[in-house]
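Asks: One structure coming up, written as structure tokens, with questions to follow.
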Amino acid sequence: MPRVRAVAYNHEFIFLSGTRIMTKTGRKEFGSTPGEVEIVNLIKLKARKRKGGVRPSLLSIARELNMLGHRTKTGKPWRAQTVKNVLQREVVNSNKSGKIKKTSLSAGDHLSKREIAMVFKAARRVGEVDEVILMVMVGSGLRAGEMCALEVRDLGIADGKNQIDVRRGKGAKQRSVHISAALSLRLREYLGDAPAKKRPVFVNRFGEALSYEALYKRVKKIGSLAGLPQLHPHSLRHTFGTLLYHYKKDLFFVKEQLGHSKVDTTQIYAKTLTESKLDQMEALGSELSAMMKSDSVTDNTSKPEKDL
């Protein structure tokens with residue numbers, strides 16, 4: 001057995017075993033211990049631009065960390081999203097210019113209706129599994145990790161319920177996500193007759209639960225075929241949140257569906273540029289164009305009086 005030693009750090013006992021660090025008390029933000037600081041610095045070093053201005057991908061950084069034996073605070077392997085979270089937090093904490101906490105979604109963060117049709121067409125070309133994965137992600141807003149952990153017992157379709165139960169979401173929280181009857185029917189068709197309750201919904205060729213890396217690759221492949229190379233799993237979650245909010249304008253319902261802790265996080269979907277907003281801008285643009293082309297428009301605005 002590896003030798004385990006305990007050290008005191010900020011009045012808290014920390015058990016060191018290799019590079020994995022476990023705290024006896026409640027979880028703190030990653031980077032709160034000396035060992036974690038070393039990993040954070042390693043991530044920042046690996047994320048620097050290489051010759052030609054090219055940065056290594058988040059997925060490649062995660063793979064390198066896992067090969068070196070590093071683990072996250074919960075003892076799980078590193079993923080592209082966890083590396084991204086660390087880098088974003090470092091930018092915010094260092095108070096430098098760059099990517100900070102989102103207050104609204106940019107155009108590349110979610111799909112338009114036209115783009116949704118494009119990715120579904122591409123998914124059908126790849127295969128049934130990819131199409132169903134896309135349907136669930138766009139139709140439920142599940143996180144990538146929640147998708148990978150999904151088991152047949154988490155689906156209410158066997159009992160005639162149109163819902164998905166997330167047993168362990170972000171922050172180890174549970175929630176039930178309502179889905180459409182059409183998605184429930186598609187899942188029943190995909191799973192077939194009476195599958196084992198504890199069987200993963202999405203598996204690899206060895207019959208094991210799909211890993212985050214495998215899911216990421218599938219989504220990126222679909223995006224590439226659809227002509228949307230920026231597509232990634234979280235953009236599908238953003239797409240669900242955007243569509244759901246602008247269908248009913250119920251921010252708290254979107255919060256419950258997505259499993260956000262605070263409604264402030266959900267506010268970004270209320271600030272997204274939608275078709276109704278685009279129509280308003282088009283109308284304004286047409287009016288301005290007419291004004292600019294007309295010779296008969298006079299300026300009726302009053303001029304400021306001169307100072308006495």
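Asks: Just add up the charged neighbours of Thr82: K/R +1, D/E -1, any other residue whose Cβ is under 10 Å from the Cβ of Thr82.
Replies: Counting the neighbours of Thr82, the net charge comes to +4.
Asks: Tell me which residues come under 5 Å, amide H to amide H, from Leu210 once H is placed; ignore anything under 5 positions away on its chain.
Replies: Phe202, Val203, Asn204
Asks: Tell me the net charge near Val254. Cut-off is 13 Å between Cβ atoms, Val254 excluded, with +1 for each Lys or Arg and -1 for each Asp or Glu.
Replies: Within the 13 Å Cβ shell, the charges total +4.
Asks: Arrange the following residues from fewest to most other Cβ atoms within 10 Å of their Cβ: Phe240, Phe252, Phe206.
Replies: Placing the least packed residue first, the sequence is Phe206, Phe252, Phe240.
Asks: Sticking with this structure for a sec: Taking H as built 1.01 Å from N, whose amide H comes closer than 5 Å to the amide H of Gln163, not counting residues under 5 places away?
Replies: Excluding prolines and chain starts, which carry no amide H, the hits are Gly156, Ile157, Ile179.
Asks: Calculate the dipole size of region 107-271 relative to its Cα centre from +1 charges on Lys and Arg beta carbons and -1 charges on Asp and Glu beta carbons; express the result in debye to the nearest 20.
Replies: Its charge dipole is roughly 200 debye.
Asks: Here's something else I'd like to know. Which value results when the Cα radius of gyration for region 134-270 is divided by 2.2 N^0.38 Å?
Replies: Dividing the Cα radius of gyration by 2.2 N^0.38 Å gives 1.05.
Asks: With unit charges on the beta carbon (Lys/Arg positive, Asp/Glu negative), name the residue among Ser261, Gly127, Ser184 whose Cα is farthest towards the positive pole of the charge dipole of region 107-271.
Replies: The listed residue farthest towards the positive side: Ser261.
Asks: I've got another one for you. Among residues other than Glu189 whose Cβ falls under 13 Å from its Cβ, what is the net charge (Lys/Arg +1, Asp/Glu -1)?
Replies: Summing Lys/Arg as +1 and Asp/Glu as -1 gives -1.
Asks: Tell me, what is the FRET efficiency for Leu284 and Val40 to the nearest 0.05, using R0 = 41 angstrom and their Cβ-Cβ distance as r?
Replies: Once the sixth-power term is evaluated, E becomes 0.30.
Asks: List Thr239, Thr74 from most exposed to least, where exposure is judged by having the fewest other Cβ atoms within 10 Å.
Replies: Exposure proxy ranking, most exposed first: Thr74, Thr239.
Each value in this text was obtained by applying a stated rule to the coordinates, not by laboratory testing. None of the values given here were measured: they were computed from a predicted structure. Cβ sites come from the backbone with ideal geometry, for glycine too, and all protein chains shown count toward neighbours.
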